[in-house]
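Bear in mind that the values in this text are calculations on the coordinates, not laboratory data. The structure presented is a predicted model; accordingly, all values stated were derived computationally and were not measured.
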């Protein structure tokens, strides 16, 4: 069982542009042979922040979305927020706040022998990293630069560095890198 950050980023390290848009990513459409189907089949629990949750609501669930659809995940999902957000009928969504370590324990139980996926990114992934709970980063790097926006992972990770486990090319626009996250000296979970 691993806690994983699986995402896509621009070549210059942003997961969304300065207007919180993912149009830069969606221009590529379905990427032939990508790893998502295999990845999601091994996920037993999901964590995301309020910004990611609201983005999914506004762009996929809400009736005003271009093509409204059902909640995309079967796995129980923990949404970290300090605000009251709308619920989605039929979806196993748990709104939480506070220390990620406490919630992580609940997620481990729910995931069983499967992995935990941190969806979205940014500061929430940083909180899991700060607590020594992030095991792996799987990032698809797109062949675009954004100049600004939401950073891939707003933390300094230098010593020890991430350990590259694999690199794969998908199509003519993506390189997927898989990194192991080493335990760091200031691990707060010990």
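Assign one of three labels to the chain, namely rounded, prolate or oblate, based on the Cα gyration tensor with a ≥ b ≥ c the square roots of its eigenvalues; rounded applies when a/c is under 1.5, prolate when it is not and a/b is larger than b/c, and oblate otherwise. The partial results should precede the final answer.
On the way: a/c = 1.44, a/b = 1.03, b/c = 1.40.
Here the chain falls in the rounded category.
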Seminar exercise, completed: Largest fluctuation, 140, 64, 35 only, Gaussian network model of the chain with Cα springs under 10 angstrom, belongs to 64
Exercise. How far is the Cα center of the stretch 94-141 from the Cα center of the stretch 46-72, in Å?
Worked result: 19
For this session: Select from 180, 42, 30 the residue whose mean-square fluctuation is largest in a Gaussian network model of the chain (Cα-Cα springs shorter than 10 Å).
Result: 30
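Could you work out the helix-only [θ] at 222 nm for the chain, with each DSSP H run of four or more residues adding -39,500 (n - 2.57) and the total divided by the number of residues, to the nearest 500 deg cm²/dmol?
Working: 5 runs with 37 residues, N = 190.
Here the helix-only value at 222 nm equals -5000 deg cm²/dmol.
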Problem set entry | nm² value of the averaged projected area, convex hull over the Cα atoms of the stretch 20-105 | 6.9
Problem set entry | DSSP bridge orientation in the chain - percent antiparallel, rounded to nearest 5 | 45
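Pairs of alpha-carbon atoms within less than 8 angstrom and 6+ residues apart define the contacts here; what relative contact order does the chain have, in percent? Before the final figure, lay out each step's value.
Numbers: 340 pairs, mean separation 63.0, N = 190.
Reported as a whole number, the value is 33 percent.
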Seminar exercise, completed: In a Gaussian network model of the chain with springs linking alpha carbons closer than 10 Å, the residue among 150, 91, 175 that fluctuates most is 91
